[in-house]
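Data block below; observations after.
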Amino acid sequence: EAKRDTGTSYRFYNRELHLTVGRQLALEADLRNALRGNELELYYQPRIDLVTGEVRGVECLLRWNHPEQGLVPPDQFIPAAERSGLIVPIGYWVIEQACERLRALKEHQLDPIIFAVNLSFRQFHDRRMTETIFRIIYNAGIDTSLIELELTESAMMHDPDYAQRCLRELNQLGISFALDDFGTGFSSLSNLQHLPISLVKIDKSFVQRLGEAGDAEHIIRAIISLSHSLNMGVVAEGGETREQIRFLRDQHCDEVQGFYFARPMPWRNLIEYLAAHEPQSVMAR
Ligand code: C2E
Ligand code: MG
Ligand code: MG
Ligand code: MG
């Protein structure tokens, strides 16, 4: 049981963060071994359509099964992976794994759904990113339209022209893009409208401030209406209460990804979840 104690790992890595270069290097070496030693695992969090109650897709979220520290959440090791450049091979592993799971859905007689994968700004530094991503999906025999890549505004900031070219190339191959954590950065959606982005994900900090004093309601309404007028879908992240879900549905938000419906879960649980999911009952609650 101690193995699954994320509290322990949190303290451990939190402590490791303000530390010596030596410890950072050790963390990076651990991470390199993790990739080689199959210690990385994807969890899957469903995205629910607010009109039909159907599962539109899942977001693939990385976890590290550390031999001593138990399950380590991404916030504790993605920064080190980015700093060291290890996020490049790790990122390709995530896409390979997502493709493999997508194929496995069929074996379980489940309908294909969208698998969304996070892309770090650092992955754009690999000049062969677009061809590598395409090759992975193509070799897996997956329909490219089932893969969605999530990126934040800042991911495109470093070299906007190059980022734009990457997005265009991948989009021409059928891969779609979602703008993650929207509302936390400073770019306006209209600045991004020339990019092939089909979905906006409202950052969970806004959703979680619904019902409190402040601007959250107005901001969410504005993001939804602007996204729709630019022909983009909207997913709200982090919906945890029935009131939040109601508000989002009343505002015509398209989908919710949040604990109210489902937490990120291991593959085996996802299979059971999808097999048992009844769209009507979800929205009737
Ligand atoms: P993200 O891409 O914005 O992912 C959504 C995060 O919100 C997930 O945290 C998810 O568990 C959490 N979440 C969803 N619904 C709720 C809710 O109702 N309440 C609360 N409190 N949280 C909710 P997670 O899995 O810890 O991931 C954190 C971040 O780590 C991700 O944020 C993403 O930026 C990064 N990440 C995860 N996997 C990968 C990966 O494969 N590659 C890269 N580059 N980054 C990743
Ligand atoms: Mg994401
Ligand atoms: Mg997000
Ligand atoms: Mg995030």
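Tabulated data for the structure shown
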{"read-out": "Quarter of Cα convex hull surface for the stretch 44-160, i.e. mean projection, nm²", "value": "9.1"}
{"read-out": "Calculated FRET efficiency for the pair residue 191/residue 243, C-beta based, R₀ 35 Å, to 0.05", "value": "0.60"}
{"read-out": "Share, in percent, of DSSP beta bridges within the stretch 54-150 that are antiparallel, nearest 5", "value": "25"}
{"read-out": "Separation between Cα centres of the stretch 136-180 and the stretch 218-285, rounded to whole Å", "value": "23"}
{"read-out": "Principal semi-axes in Å for the chain [√(5λ), Cα gyration tensor, largest first]", "value": "28, 23, 22"}
{"read-out": "Where trypsin sites (Lys or Arg not before Pro) fall in DSSP loop in the stretch 104-197, at most 12 other Cβ within 10 Å", "value": "127, 128"}
{"read-out": "Label-to-label distance, nm, for residues given as residue 198 and residue 20 (7 Å Cα→Cβ offset)", "value": "5.1"}
{"read-out": "Antiparallel DSSP beta bridges within the chain, as percent of all bridges there, nearest 5", "value": "40"}
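Coordinate-derived values only; no laboratory data. As the structure is a prediction and not an experimental result, all values here were calculated from the model. Neighbour counts run over all protein chains shown; Cβ positions are idealised from the backbone, glycine included.
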